[in-house]
1. For the pair Ala678 and Ile597, what calculated FRET efficiency results from E = 1/(1 + (r/R0)^6), where r is the Cβ-Cβ distance and R0 = 41 Å, to the nearest 0.05?
2. With contacts defined as alpha carbon pairs under 8 Å and 6 or more residues apart, what's the relative contact order of the range 378-491 in percent?
3. Given +1 on the Cβ of Lys and Arg, -1 on the Cβ of Asp and Glu, and no further charges, what dipole in debye does the range 579-668 carry about its Cα centre, rounded to the nearest 20?
4. Using heavy-atom solvent-accessible surface (probe 1.4 Å) with all chains present, what is the largest-first order of Arg807, Arg246?
5. At 7 Å along Cα-to-Cβ for each site, give me the label-to-label distance between Val180 and Glu721 in nm.
6. Let a ≥ b ≥ c be the square roots of the eigenvalues of the Cα gyration tensor of the range 517-651; is it rounded (a/c under 1.5), or, if not, prolate (a/b larger than b/c) or oblate?
7. In the full protein assembly as shown, how much of Met662 is accessible to a 1.4 Å probe, in Å² to the nearest 10?
8. What is the set of long-range amide H partners of Asp136 at a cut-off below 5 Å, with H atoms built 1.01 Å from backbone N?
Amino acid sequence: MVDYRKTMDAFVASSTLSPRLIRPSPPNKIAVSGMATNEVTVSVLLDHGALVNKTNGRVRLRCNYCGKEVSGYSRLKQHLGGGMRGEVTPCFKVPEDVKVQMESRLPRTKKAHVNNSRQGKNEAVLDFHHHGTLVDGVKRRVRCNYCGEEINSYSLFLYHLVRIDEYVVACNKVPEDVKVHMRNKLLPDTRKQHEHREVLQWSDSSSSLMKDSSSDDYSPDESSSSWTRDSSSDDSSPDEASVDVRYHATVLDTKKGRVRCNYCAKEMNNYTRFRQHLGGIRGHVSPCVEVPEVIKVQMRKYSLRALSRKRKHSVVVEYSGSDQVDEKLQVLHNPETVNEEVAEDDSPRQTQRCVGRFFFANGIDFSAANSSTFEKMIHALVGGGSTAYKVPSCDDLKGWILEGELKAMREHVQEVVCSWGSTGCSILLDGWTDDKGRNMINFIVDSPQGPIFMKSADFSDSIGDVDAMISLLSGVIEEIGVQNVVQIVTYTTGGSMEAVGKQMTEKYKSIFWTVCASHCIGLMLEKIGMLGTERGVLGKAKTITKFIYSHETVLKLMKEHTLGFDLVSSSRIRSMMPFLILETIEFQKNNLRKMFISPEWKNLTLASTADGRMVADLVTGESSFWAEVEMLLKASTPLIRALHLLNGEDSRPQLGYIYRTMGRVKETIKKMYEGRKAEYQPFWTVIDGIWDDQLHSPIHAAGYYLNPGLFYFKDFYADNEVKAGLLCCIVRIVEDEREQDLIALQFDEYRKASGAFGDGDAVDQRAKIAPAKWWSLYGGECPELQRFAIRILSQTCTGALRYGLKRSLTEELHMKKGRNCLEQKRLTELTFVHHNLQLQNLPASNSHYTDIFLEPIDPMDEWIGGSGMVEKAAKQNGNV
């Protein structure tokens, strides 16, 4: 293993990162004379910019006019010449003659962005810089030169100039000739019929501006770097400026046609799918929720027309619900006359696929499709008992419908996989013991693009065998790609998992082994519940609920007084359940008291029994029960609040917040006990013990340091543990020593908030957006540090438990006895579709945190009179 103890000591002793992480090296000397061979470089350096430093061939310069620092001579020229979209912000103080001079020296392909002097259909968009100033190249934000209004996206800026105020604030100072010129260029209805319109397209190695055809298989030519022309005579289509990909997306990969949406930051392959994403057309891609309505309407119209052209002369086959195939052929000779939305969303086959998706996602037995009651239900939903709609049969579900969903799911998974190269991913382990005593495990891969189910395994034969578990996990890692995996999040530290984790991190230096934060907080709650006084309080609460739920008359009376509310609720995290019940009992305190002093209670026979009197005394007496409940909830409530915060209440990846979250938990507990150390210290001891032994990881420390929403605020504190963890991550994740050195140097810019880190938008967005997204938007001037930060901050700190995947289908899959290979293959595919549909349709994050982990109560649960076997099973499953 790498011995970096000495370096770590030096690192910890300083307030900032050492510029050399691994090896000492003499400082680089700045040589200016070497630049004399390039006249432009000499001019930029001597007349318009000052050299700040030069390290390993990388030059950093400061603009003499506005003081902004940029990396490289080319970026300074771009900065002075008016800016390049997505590369560098323009200088607002540069003299006009210098700007023109620098503009003329930019390369031809890039100058197209600045000059925008091309003629044709897109002239209204391409010459926007004559009427607006680019404020943010990444967000395509433009400031109007006439009224000063700032507008997001170039297309909306055009609407602003032509004074179409339905979707954007209209400009009241734009000259009339400019308004008319823009309106003529923007609105296709003002054109002559059958006029041929030229669409100028451009792509280069950094961003593709080419428009694709309507085919899903289209991808831009890798070698294309020139303007091309495409003429069309269809005047009824949306205006080309509105549907051109380049005004709504950032192209990430020209070869694959991969783009990132400028409105919601979702990444996807294929321009056609991107237009469907903006147009809100479901089926192949999720819709954008932040796109302006005017763009959505234009994209939807354009995409539906393309779909109708593809369907021309196609055959639509409708299957019956019987075993015999009843074919109903419908040839679309004139697709233009068909309602396109109906053709896309409401076709019989599409509806049958929706029914199939319902079966697959919920794990419903296909034989239910042959039930007459199911057919009647579908016909009733269609309306009036109509028999025109053909209900999918069992064979349809396991045949063409499953094949279609499998294909769509594989495409969705491939989109997610493509994002791993930039963000990295986490492998989440979801293990349990089934009713037959088999040890099962699901492998889920989590990333900002969404979680996907990868595979499952029966590892009963590997229990206690560390080498066998390492072999199983290594196979998963190799399948994903070692370079893509940042961490493995396990569901428990029991059994041999701790030993497996140590050996895995030795085998894969760049991969961290962490324990699910939800599991660890559950352990904290469990230990708190076992403390002397706290155990007594939970025991008394259990006595109350068991008595009420064991007698029907008392249960009915209780619901009358609580207005239908239950006292008992179950949770996927078993150790959380007693405290949720205790919260409910405390919340219903007055109603329970009224119940046990009511005439209805006193008239019951149970009121005179020993158990009845004991429970009534607990609730209504002058005992210390309610005071004890209040004291215990002061410690448990902050932990439960943290559980829900980490598991979906905040949609941002929480790895960068786990340090602050646990720190706030401790401070809240201390405050709740009003600083009385004797009262809060036992809870702190429990929290610190599990944090130190199981939860804490160096990657959590790095996430805390790299989170701009915490780092730049006054209460940020980086102790030795944080600094050592950050250094550990740099050494393990970044193998190249030169890149380690660059990261160390760039940390100084991050710490001082210099360059883009200190720009207005960057400062404003520090605590508003996800940390990884902040780095992707504002960290471009420090590319090595940016790449490192995004990979860290894109990860989760919680495991698979938060997704609550159903396990019955996985258990059936691994019961192979008596099943032929074709049936086994079908069940494997069904399991893949089933789990990924669950993950794809997860509920959005919400503020009602008490609902996140709740699930139906088991009738045999000990809190309502059961034997307690449920708790034992939960511990076997690791859900403590």
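The values are calculated or read from the model by the stated rules, or taken from the named source; none is laboratory data. All figures in this text were calculated on a predicted structure; none of them were measured in a lab. All Cβ positions, glycine included, derive from the backbone under ideal geometry; neighbour counts span all protein chains shown. For accessibility, only protein heavy atoms count, side chains too; no ligands or nucleic acids. Shrake-Rupley method; radii C 1.70, N 1.55, O 1.52, S 1.80 Å.
1. Values: r = 36 Å, r/R0 = 0.88.
It comes out at approximately 0.70.
2. On the way: 120 pairs, mean separation 26.6, N = 114.
Dividing the mean separation by the residue count of the range 378-491 yields 23 percent.
3. Numbers: 11 positive and 11 negative charges, 51 e Å.
The calculated dipole for the range 579-668 is roughly 240 debye.
4. On the way: Arg807 45, Arg246 5 Å².
Of Arg807, Arg246, the descending order of accessible area is Arg807, Arg246.
5. Rounded to a tenth, the inter-label distance reads 7.2 nm.
6. Numbers: a/c = 2.44, a/b = 1.84, b/c = 1.32.
Prolate.
7. 10 Å²
8. So Asp136 has HN proximity to Arg141.
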